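K.L.:
Below are the structure tokens for one structure; questions will follow.
The values are calculated or read from the model by the stated rules, or taken from the named source; none is laboratory data. Predicted model only: the values in this text are computed from it and were never measured. So basically every Cβ, Gly included, is an ideal-geometry build from the backbone, and we count neighbours across all protein chains shown. The accessibility values were calculated without ligands, DNA or RNA, using every heavy atom of the protein model including side chains. Shrake-Rupley method; radii C 1.70, N 1.55, O 1.52, S 1.80 Å.
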Amino acid sequence: MRVLLIEDEPRLAENVATALREGPGFAVDCAEDGETGIALAANRCYDLVILDLMLPKVDGLGVLKRMRAGKDETPVLILTARGETDSKINLLNAGADDYLSKPFDLGELLARAKALLRRGKGVAHPTLHAGNIELNTLEQTVLRSGTPVSLSRMEYRILEYFMYHPRVVISKQELLEHLYDYNWEHHSNVIEAHVSNLRKKLSLIEELSIIQTLRGRGYRLLPTVPEGR
């Protein structure tokens, strides 16, 4: 998944971004002020926005209101040092999905981020299923017919994205935008290689893969393999 972190405190931003990248393996873009955050959020390529309340140029509440006014429904987790009940109520009424008071534990932030991502995808349970494949988003484990499958970090992230979007045609560009941050040089052949390896690891027989390639369009995950394939 791809996360936008809008936080002006450099050390905190670095710690949070590192935790998101090294833990769940998210792609993370960072903004140091509300104005930059608004510009990045306008790209609509994020699965989650983590937003500090006290920001230069435009504060967090202003960023949130701009997003919601523009019909941007991306889940937003607010980081706030304010403890007043009225402030939290105002944030939720303005469209925040959750908030976390500073100082906070990075483990709790990761847990809340994952929960918001599942909620944003319409998935209540942390375990996803497609055919004989089971993926646990909390433990980051994959089973094929009950047998563990060893995946690289990128293979896991691609499979997780597919399983959050069953039956949907997903282009290589969409995968690049959601799985890599802006520092990545976009080469679609990298995606092709990862998907090819993933398909081999998930399928005892190549022709029965649940990952379908649509020439010139991208890929589609089929929850069940059609008869005759």
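K.L.:
Find all pairs meeting these conditions: Cβ atoms under 9 angstrom apart; at least six residues apart or on different chains; first residue within the stretch 19-34 and more than 16 Å from L117 (Cα to Cα) and in a loop (DSSP other than H, G, I, E, B); second residue open to solvent by 10 Å² or more (accessible area, probe 1.4 Å) and hydrophobic (A, V, I, L, M, F, W, C).
P.N.:
Here the result reads E32/A13; E32/L55; D33/L55; D33/V58, each pair linking the stretch 19-34 to a residue that is open to solvent by 10 Å² or more (accessible area, probe 1.4 Å) and hydrophobic (A, V, I, L, M, F, W, C).
K.L.:
With the structure loaded, tell me whether G120 is more than 24 Å from L64 (Cβ to Cβ) and not hydroxyl-bearing (S, T, Y) or whether it fails that test. I'd like the intermediate steps shown before the answer.
P.N.:
Values: more than 24 Å from L64 (Cβ to Cβ): no; not hydroxyl-bearing (S, T, Y): yes.
Against the criterion (more than 24 Å from L64 (Cβ to Cβ) and not hydroxyl-bearing (S, T, Y)), G120 does not qualify.
K.L.:
Among (1) in a helix (DSSP H, G or I); (2) at pLDDT 80 or above, which single condition is G216 missing?
P.N.:
(1)
K.L.:
What do you reckon, is H125 open to solvent by 40 Å² or more (accessible area, probe 1.4 Å), out of contact with any Leu (no Cβ under 7 Å at 6 or more places or on another chain) and assigned to a loop (DSSP other than H, G, I, E, B)? Even if it seems obvious, please write down each step before you answer.
P.N.:
Numbers: open to solvent by 40 Å² or more (accessible area, probe 1.4 Å): yes; out of contact with any Leu (no Cβ under 7 Å at 6 or more places or on another chain): yes; assigned to a loop (DSSP other than H, G, I, E, B): yes.
Against the criterion (open to solvent by 40 Å² or more (accessible area, probe 1.4 Å), out of contact with any Leu (no Cβ under 7 Å at 6 or more places or on another chain) and assigned to a loop (DSSP other than H, G, I, E, B)), H125 qualifies.
K.L.:
Mind telling me which of the residues L48, L5 ends up being closer than 22 Å to Q173 by Cβ, at pLDDT 90 or above and of a type outside the set (V, I, T)? Steps first, answer last, please.
P.N.:
Working: L5 fails: closer than 22 Å to Q173 by Cβ.
Result of the check over L48, L5: L48.
K.L.:
The conditions are (1) touching a strand residue (DSSP E or B) at 6+ places or on another chain (Cβ under 7 Å); (2) farther than 21 Å from H165 by Cα; (3) open to solvent by 40 Å² or more (accessible area, probe 1.4 Å), and L100 fails exactly one of them. Which is it?
P.N.:
(3)
K.L.:
Name the residue, out of A81, A27, A69, that is modelled with pLDDT of 90 or more and out of contact with any Gly (no Cβ under 7 Å at 6 or more places or on another chain). Spell out the reasoning first.
P.N.:
Values: A81 fails: modelled with pLDDT of 90 or more; A27 fails: modelled with pLDDT of 90 or more.
Sole residue among the options that is modelled with pLDDT of 90 or more and out of contact with any Gly (no Cβ under 7 Å at 6 or more places or on another chain): A69.
K.L.:
Would it be correct to say that L116 is closer than 27 Å to E35 by Cβ, assigned to a helix (DSSP H, G or I) and either of a type in the set (V, I, T) or open to solvent by less than 30 Å² (accessible area, probe 1.4 Å) (or both)? Walk me through how you get there before you give the answer.
P.N.:
On the way: closer than 27 Å to E35 by Cβ: yes; assigned to a helix (DSSP H, G or I): yes; either of a type in the set (V, I, T) or open to solvent by less than 30 Å² (accessible area, probe 1.4 Å) (or both): yes.
It is true that L116 is closer than 27 Å to E35 by Cβ, assigned to a helix (DSSP H, G or I) and either of a type in the set (V, I, T) or open to solvent by less than 30 Å² (accessible area, probe 1.4 Å) (or both).
K.L.:
Quick check on my filter: what residues within the stretch 41-63 are in a helix (DSSP H, G or I) and either crowded, with 19+ Cβ neighbours inside 10 Å or in contact with a Phe, Trp or Tyr (Cβ under 6 Å, 6 or more places away or on another chain) (or both)? Don't jump to the end; show me each part of the working.
P.N.:
Taking the stretch 41-63 as the starting set, the residues that turn out to be in a helix (DSSP H, G or I) are 41, 60-63.
Matches in the stretch 41-63: A41, G60, L61, V63.
K.L.:
Whether any residue in the stretch 154-171 is modelled with pLDDT of 85 or more, part of a loop (DSSP other than H, G, I, E, B) and either closer than 14 Å to L198 by Cα or open to solvent by 60 Å² or more (accessible area, probe 1.4 Å) (or both) is what I want to check.
P.N.:
yes
K.L.:
OK, next. Exactly one of these conditions fails for N93: (1) assigned to a loop (DSSP other than H, G, I, E, B); (2) modelled with pLDDT of 85 or more; (3) exposed (fewer than 13 other Cβ atoms within 10 Å of the Cβ). Give me its number.
P.N.:
Single failed check for N93: (1).
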